[in-house]
1. Only one of 166, 127, 133, 119 is within 14 Å of residue 107 (Cα to Cα) and not hydrophobic (A, V, I, L, M, F, W, C); which?
2. Kindly indicate whether residue 104 is within 13 Å of the ligand (Cβ to nearest atom) and farther than 14 Å from residue 33 by Cβ.
3. Quick check, is residue 145 without any contact (Cβ under 8 Å) to a residue 60 or more places away in the chain, touching a strand residue (DSSP E or B) at 6+ places or on another chain (Cβ under 9 Å) and more than 16 Å from the ligand (Cβ to nearest atom)?
4. Which of the following residues is surrounded by fewer than 15 Cβ atoms within 10 Å (Cβ to Cβ) and either away from the ligand (no atom under 16 Å from the Cβ) or not hydrophobic (A, V, I, L, M, F, W, C) (or both): 76, 68?
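Bear in mind these aren't lab numbers, they're just calculated from the coordinates by the rules spelled out. Treat the numbers as computed from the prediction; the structure is a model and nothing was measured. We place every Cβ from the backbone using ideal geometry, glycine too, and count neighbours over all the protein chains shown.
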Amino acid sequence: MELLGCTGGYLADSHLTDNLGPQDPWSSSVVWEAPSAGDCYITVQSYLAVSTGSYSLTVSLSDTVDDHPGYIEAAHAIPVGSPVPGAIDYVGDVDIFLFTAEEGRTYQLDVEVGTLGASILNLYDSSGGFLASDRALYERALSIVWEAPSTGNYHAVVGGQGYSDSYTLTISPLI
Ligand SMILES: [Ca+2]
């Protein structure tokens with residue numbers, strides 16, 4: 001199953017082998033947070049190209065509550081120096097944070113993973129340019145040490161696998 005935006009752009013997908021439904025092992029599901037109102041398209045296909053058969057498709061409002069938005073326009077602004085708790089609330093959830101850094105200062109971004117398994121921490125500038133990343137397959141803390149090239153806003157993005165898997169993000173100035 002694949003979710004597409006009104007212009008056909010990819011939004012999310014679910015493959016039977018890596019995203020089993022929580023109740024029915026033959027179901028697959030996508031939980032997705034809409035950044036704006038509009039039309040979307042869903043494509044459904046067999047994971048095995050040779051399979052045919054019937055299915056039912058249900059689109060409903062999820063009761064999943066996401067603690068931190070997954071799109072830049074609504075990113076939570078967080079203070080430097082204070083731990084911020086978060087959780088990966090559904091498969092594919094990413095949490096985006098906004099913080100302000102000062103030119104020439106070095107910062108350490110730490111994610112203590114709690115119950116979060118496979119995880120990733122990315123750092124972007126205010127225009128979405130990629131700056132740095134750390135990732136782990138198992139329950140290992142993530143860390144990025146980085147010097148701000150200019151004063152301004154930056155985005156830290158935390159992602160991972162699982163439902164309601166907790167973490168703590170701390171951004172600390174080193175120098
Ligand atoms: Ca979340």
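1. Numbers: 166 fails: within 14 Å of residue 107 (Cα to Cα); 127 fails: within 14 Å of residue 107 (Cα to Cα); 119 fails: within 14 Å of residue 107 (Cα to Cα).
Result: 133 is the single residue among 166, 127, 133, 119 that is within 14 Å of residue 107 (Cα to Cα) and not hydrophobic (A, V, I, L, M, F, W, C).
2. Numbers: within 13 Å of the ligand (Cβ to nearest atom): no; farther than 14 Å from residue 33 by Cβ: yes.
When the stated conditions are applied, residue 104 does not pass them.
3. Values: without any contact (Cβ under 8 Å) to a residue 60 or more places away in the chain: yes; touching a strand residue (DSSP E or B) at 6+ places or on another chain (Cβ under 9 Å): yes; more than 16 Å from the ligand (Cβ to nearest atom): yes.
Yes, satisfied.
4. Values: 68 fails: surrounded by fewer than 15 Cβ atoms within 10 Å (Cβ to Cβ).
Among 76, 68, only 76 is surrounded by fewer than 15 Cβ atoms within 10 Å (Cβ to Cβ) and either away from the ligand (no atom under 16 Å from the Cβ) or not hydrophobic (A, V, I, L, M, F, W, C) (or both).
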